[in-house]
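K.L.:
First the structure, then my questions, so here it is.
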Amino acid sequence: MAAARDLRAMEMADGDDAVELAKRHLVQPWPYAGSVGNEARALIGEGDGIYITDVTGKRLIDGPAGMWCINVGHRREELARVMYDQAMMLSYNTPWYTMNAPSAELAKRLADHAPGDLSHTFFTTGGSSAVETALRFMQFYNNVRGRPEKKLILSRGGAYHGSTYLSASLNGRPRDRDWMDGADDLVVKLSSPDPFRRPKGIDIAAFCDFLVDQFRDTVARVGAEKIGAFVGEPVQASGGVVVPPDGYLKRIREICRDNDILYISDEVVTGFGRLGHVFASGDGFGIDPDMITFAKGVTSGYFPLGGVIISERLLQEMRRSNHPDAMFGHGLTYTSHPIGCAVALKNLDILEDSVLAHTRDVAPYFQAQLKTLEELPLVGEVRGMGLMGCVECVADRESKDPLQLDKDVGKRIDAHCHELGLLVRPLINMSVMSPPLIITREQIDDMVAILREGISRTMDDLRKEGVWQG
């Protein structure tokens, strides 16, 4: 503990130096051209449980759980100990012609939790590489089966699937693609399954029918013989915690099965407890995808790791093909990293022991308390599932105008909440919350109270500036 205190003191003293070094040498993710390479962001010094502390000593509830990932909380000594022990035993092995025991054990345990016949895992370094792997596997699978034309990918508005070239091409948030290139010739976009922004005059059941009909019509128009996969998040996370209509995913799964289109469920966010289960596809939504991609919560953010779980059926079909010498020419230096897999095994122990049950217990309370924020006139909708929540602000509830006159409403709310002791993830006009799964009811009360005050202060700011008259 003395060493930890010394490290914290050093970080506090060096905070100003770190800011200057970042401005001179560090390129931040998702920067703007006007500030790229000359930017410093909030400097965090330490974390403990559901809290983080910035270098000024300010303690904050970690509302986004890092980036949807610190599922079992900060400063879990057992996870740190596993990293040390595994590094002292075996820090790395080449996956090209050797293997390690933790990766084999983890693959088996994931198969035990996965729905349907998903039985084999290819490990990657994160979510983007997991989705990229799934898509490249789909291409390889169809090549081996003599269907080189069956490569198009169906994605949706509001989707987020990664930052690599192919995975980013699936993204359905306009700001992600405004200035970036993508493999547009390989991707067909469908509507977002967002009930809040459904066409006027139809109820949610009719909206679900619309989405399913659109999907079916797109398959017929484009041709099932050309479509290799559909990729979808069970809940669209970075799109604003969009929970699809009841039954929608099951109906899409059936259309994919009927048309020999691989269903890839992107559980990079929803996996490993965020919705109360290791995987939400089966336990939460009753579907059995052909592949599931995962990352983030698999190690609770303590080590970079991701992967894709693949159906046994797909592997058997390739083994029976006429191309036994065809090579899946895909791999990463850190595939099946022994430290990452060892951490994931211990993280899974913690989840299975109590955290999954705790999440299912507190999630209804979390959703109910967040829902009270709809009393505020700036709030158009509060939505969520499990320990995922989004507060969407609008100029008025009738038009659902997302405050086009001020695209920084989310940042304004985050700034006020930061001052009050809460870190929020701002998304233009939305505030997203996905706290560590160990959060208590009392801590949920604190979080919602701060968020309420942060939104209230933002309303006052907008009124004073004449941006909003609500």
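The values are calculated or read from the model by the stated rules, or taken from the named source; none is laboratory data. Predicted, not measured: the structure shown is a model, and the values here were computed from it. Note: ideal-geometry Cβ built from the backbone for every residue, glycine included; neighbour counts use all protein chains shown.
K.L.:
Counting just the residues of the range 317-364 that are among the polar types (S, T, N, Q) and modelled with pLDDT under 95, which one comes out surrounded by the most Cβ atoms within 10 Å (Cβ to Cβ)? I'd like the intermediate steps shown before the answer.
P.N.:
Filtering the range 317-364 for residues among the polar types (S, T, N, Q) gives 321-322, 333, 335-336, 347, 354, 359.
Filter once more, keeping what is modelled with pLDDT under 95: 321-322.
On the way: S321: 14, N322: 8.
Here the answer is S321.
K.L.:
Within the range 4-18, is even one residue modelled with pLDDT of 90 or more and basic (K, R)?
P.N.:
No - not one qualifying residue is present in the range 4-18.
K.L.:
Looking at P426, P402, which is the one that is in a strand (DSSP E or B) and surrounded by fewer than 20 Cβ atoms within 10 Å (Cβ to Cβ)?
P.N.:
P426
K.L.:
Something else about it: Of the residues that sit in the range 155-171 and are touching a Leu at 6+ places or on another chain (Cβ under 6 Å) and outside any loop (DSSP other than H, G, I, E, B), which one is surrounded by the most Cβ atoms within 10 Å (Cβ to Cβ)?
P.N.:
Out of the qualifying residues, it is R156.
K.L.:
Something else now. Restricting attention to the range 215-233, does a residue exist that is out of contact with any helix residue (DSSP H, G or I) (no Cβ under 7 Å at 6 or more places or on another chain), assigned to a helix (DSSP H, G or I) and basic (K, R)?
P.N.:
yes
K.L.:
Can you spot a residue in the range 172-181 that is assigned to a loop (DSSP other than H, G, I, E, B), at positive phi and in contact (Cβ under 8 Å) with a residue 40 or more places away in the chain?
P.N.:
At the first step, the residues of the range 172-181 found to be assigned to a loop (DSSP other than H, G, I, E, B) are 172-173, 178-181.
Retained after the next criterion (residues that are at positive phi): none.
The answer is no; no qualifying residue exists.
K.L.:
Sticking with this structure for a sec: In the list T98, T56, which residue meets the criterion of being outside the structural domain of L423 (by TED's automatic domain parsing) and without any contact (Cβ under 8 Å) to a residue 60 or more places away in the chain?
P.N.:
One residue alone meets the criteria, T98.
K.L.:
Follow-up. So is F279 buried (at least 22 other Cβ atoms within 10 Å of the Cβ) and closer than 24 Å to M388 by Cβ or not?
P.N.:
Taking the combined requirement at face value, the residue satisfies it.
K.L.:
Might you check whether a residue that is over 16 Å from I261 (Cα atoms), touching a helix residue (DSSP H, G or I) at 6+ places or on another chain (Cβ under 9 Å) and not hydroxyl-bearing (S, T, Y) occurs anywhere in the range 149-156?
P.N.:
No: the range 149-156 contains no residue that is over 16 Å from I261 (Cα atoms), touching a helix residue (DSSP H, G or I) at 6+ places or on another chain (Cβ under 9 Å) and not hydroxyl-bearing (S, T, Y).
K.L.:
Name the residue, out of K189, K200, that is without any contact (Cβ under 8 Å) to a residue 40 or more places away in the chain, under 21 Å from the mean Cα position of the chain (by Cα), closer than 22 Å to P402 by Cβ and outside any helix (DSSP H, G or I).
P.N.:
Of the residues listed, the single one that is without any contact (Cβ under 8 Å) to a residue 40 or more places away in the chain, under 21 Å from the mean Cα position of the chain (by Cα), closer than 22 Å to P402 by Cβ and outside any helix (DSSP H, G or I) is K189.
K.L.:
Then there is this: Please work out which one of (1) closer than 27 Å to I428 by Cβ; (2) crowded, with 20+ Cβ neighbours inside 10 Å is the condition M180 fails and give its number.
P.N.:
Failed condition: (2).
K.L.:
Kindly indicate which of K411, K464 is surrounded by fewer than 15 Cβ atoms within 10 Å (Cβ to Cβ) and in a helix (DSSP H, G or I).
P.N.:
Selected residue: K464, the only one of K411, K464 that is surrounded by fewer than 15 Cβ atoms within 10 Å (Cβ to Cβ) and in a helix (DSSP H, G or I).
K.L.:
Just checking, which of L262, L249 is in contact (Cβ under 8 Å) with a residue 12 or more places away in the chain and within 25 Å of M67 (Cβ to Cβ)?
P.N.:
The unique qualifying residue is L249.
K.L.:
Further, regarding this structure: Being modelled with pLDDT under 95 and small (G, A, S) is the filter here, so list the residues in the range 28-82 that pass it.
P.N.:
Matches in the range 28-82: A33, G34, S35, G37, A40, A42, G45, G57.
Each row is one residue, and each column tells you yes or no for (1) within 30 Å of A80 (Cα to Cα); (2) outside the structural domain of I70 (by TED's automatic domain parsing); (3) among the hydroxyl-bearing types (S, T, Y); (4) over 20 Å from the mean Cα position of the chain (by Cα).
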position	(1), (2), (3), (4)
R320	no, yes, no, yes
H330	no, yes, no, yes
T333	yes, yes, yes, yes
L378	no, no, no, yes
V391	no, no, no, no
D406	no, no, no, yes
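K.L.:
Another question about this same structure. Pull up the range 446-461, narrow it to residues that are touching a helix residue (DSSP H, G or I) at 6+ places or on another chain (Cβ under 8 Å) and more than 14 Å from D62 (Cα to Cα), then point me to the one that is surrounded by the most Cβ atoms within 10 Å (Cβ to Cβ).
P.N.:
Of everything passing the filter in the range 446-461, T458 is surrounded by the most Cβ atoms within 10 Å (Cβ to Cβ).
K.L.:
Continuing with this model, one more query. Condition first: within 17 Å of H277 (Cα to Cα), among the aliphatic types (A, V, I, L, M) and part of a loop (DSSP other than H, G, I, E, B). Now tell me which residues in the range 88-116 satisfy that.
P.N.:
The one that is within 17 Å of H277 (Cα to Cα), among the aliphatic types (A, V, I, L, M) and part of a loop (DSSP other than H, G, I, E, B): A114.
K.L.:
Could you check the range 261-272 and list, in sequence order, the residues that are farther than 15 Å from F137 by Cα and either over 12 Å from the mean Cα position of the chain (by Cα) or of a type in the set (S, T, N, Q) (or both)? Before you say what the answer is, go through the steps one by one.
P.N.:
Initial filter on the range 261-272 (farther than 15 Å from F137 by Cα): 267-272.
Hit for the range 261-272 is T270, nothing else.
K.L.:
Of everything in the range 381-411, what is without any contact (Cβ under 8 Å) to a residue 60 or more places away in the chain and either under 24 Å from Y365 (Cβ atoms) or touching a strand residue (DSSP E or B) at 6+ places or on another chain (Cβ under 7 Å) (or both)? Give them in sequence order.
P.N.:
In the first step, residues of the range 381-411 are kept if they are without any contact (Cβ under 8 Å) to a residue 60 or more places away in the chain; the result is 382, 394, 397-399, 401-402, 404, 407-411.
Listed by number, the residues that qualify are V382, V394, R397, V409, G410, K411.
K.L.:
State which residue is farthest from R147 (Cα to Cα) when the search covers only the range 210-228 and only residues that are out of contact with any strand residue (DSSP E or B) (no Cβ under 8 Å at 6 or more places or on another chain) and surrounded by 14 or more Cβ atoms within 10 Å (Cβ to Cβ).
P.N.:
Here the residue is F210.
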